[in-house]
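Chemist: Before we start, here is the structure in question, set down as structure tokens.
The values are calculated or read from the model by the stated rules, or taken from the named source; none is laboratory data. On a predicted model such as this, the values are computed, not experimentally measured, just so you know. In this analysis, Cβ positions are derived from the backbone assuming ideal geometry, glycine residues included, and neighbour counts consider all displayed protein chains. Note: accessible area is taken over every heavy atom of the protein model, side chains too, but ligands, DNA and RNA are not part of it. Shrake-Rupley method; radii C 1.70, N 1.55, O 1.52, S 1.80 Å.
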Amino acid sequence: MTYQKAYKEIMSHITLRDSAQARIRQRLRTEASRSPRRSVRRTVLPAACLALMLTAGVFLALPRQTPAPPTGSVSSGGLQIQSASSIDALCELVGFSVPEPDYLPFPVTQTEYTALAGNTAQIRYSNDTQDMTFRMTPGDEDPSGDYTDYPACQEISVNGVTVTLRGSGTDWSLAVWSHDGYTCSLRVSSPMDLDSFTQTLEGLL
């Protein structure tokens with residue numbers, strides 16, 4: 001086997017630019033002219049190693065591409081966030097029906113619909129001074145993201161569903177419950193008394 005045939009056989013498995021291939025062929029010609037009796041293997045194998053090194057160098061030099069997030073979405077701390085224009089659009093994003101409360105404890109000037117990590121629905125109601133955030137996700141994990149060590153915890157029943165309230169003991173800031181395969185949370189920036197919180201929950205359950 002001549003070095004040309006050996007070279008072609010090796011290069012059939014490697015893709016290089018024309019300039020790189022030209023350099024390798026020149027190296028082979030030089031080695032062959034210096035020592036005609038040298039075996040083809042001793043000549044071709046170093047060239048093959050050179051080709052592999054050049055290929056690796058080209059590969060490592062290529063910029064890594066990160067997949068772009070879906071249109072209308074942002075990434076925050078690794079958490080995919082997609083905004084929705086309406087409750088129907090939110091339901092379509094998360095793949096399940098999301099309720100809205102019939103009663104809100106304060107005048108609302110802005111409502112934001114968001115899908116978190118693809119399968120957690122979030123609705124945030126707010127005005128200039130306070131806000132309320134409702135979250136719903138499949139499974140039994142608390143979706144609130146609220147890790148505050150509240151001094152008091154109380155369980156109440158709302159429309160036959162057990163709800164855990166957390167707060168000061170007289171006013172409540174967070175409610176968490178599970179129902180029909182989903183876990184929900186309701187968090188308010190301004191703590192509410194039990195009657196107001198219960199009335200808000202009744203519109204969701």
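Chemist: Using alpha carbons only, how many angstrom separate the centre of segment 138-179 from the centre of segment 83-104?
Modeler: So the two Cα centres are separated by 21 Å.
Chemist: Heavy-atom accessible area of Leu116 with all protein chains present, probe 1.4 Å, nearest 10 Å²?
Modeler: Approximately 20 Å² of Leu116 is accessible to the 1.4 Å probe.
Chemist: What list of ³J(HN,Hα) couplings, whole Hz, do you get for segment 115-129 from phi and the Karplus terms 6.51, -1.76, 1.60, once you set θ to phi - 60° and write x for glycine and proline?
Modeler: Values, residue by residue: 9, 9, 6, x, 10, 10, 8, 9, 10, 10, 9, 7, 9, 5, 10 Hz.
Chemist: Ok, one more. Protein chains only, probe 1.4 Å: how do Phe96, Phe197 rank by accessible area, largest first?
Modeler: Sorted descending by solvent-accessible area, the residues read Phe96, Phe197.
Chemist: Now for a different question. Per-residue accessible area for Met192 at 1.4 Å probe radius, Å² rounded to 10?
Modeler: 20
Chemist: Starting from the Cα of Glu92, step 7 Å along the direction of its Cβ; do the same at Tyr147; then give the gap between the two resulting points in nm.
Modeler: Taking the two extended label points, one gets 3.6 nm.
Chemist: If you don't mind, there's one more thing I want to ask. Rank these residues by their accessible area, most exposed first, probe 1.4 Å: Ile123, Ile156.
Modeler: Numbers: Ile123 0, Ile156 30 Å².
Descending order: Ile156, Ile123.
Chemist: How do Asp180, Asp193, Asp128 rank by accessible surface area computed with a 1.4 Å probe, from largest to smallest? Please list the in-between numbers first.
Modeler: On the way: Asp180 120, Asp193 70, Asp128 155 Å².
Accessible-area ranking of Asp180, Asp193, Asp128, largest first: Asp128, Asp180, Asp193.
Chemist: Further question: Per residue of segment 99-112, what does 6.51 cos²θ - 1.76 cosθ + 1.60 with θ = phi - 60° give for ³J(HN,Hα)? Whole Hz please, x for Gly and Pro, Karplus curve as stated.
Modeler: Once rounded to whole Hz, the list reads x, 10, x, 6, 10, 10, x, 8, x, 9, 10, 8, 10, 10.
Chemist: When the chain is fully extended, how far beyond the present Cα-Cα distance does Thr111 get from Asp128, taking 0.36 nm per residue of separation? Before the final figure, lay out each step's value.
Modeler: Details: separation 17, 0.36 × 17 = 6.12 nm, distance 1.23 nm.
Answer, rounded to one decimal: 4.9 nm.
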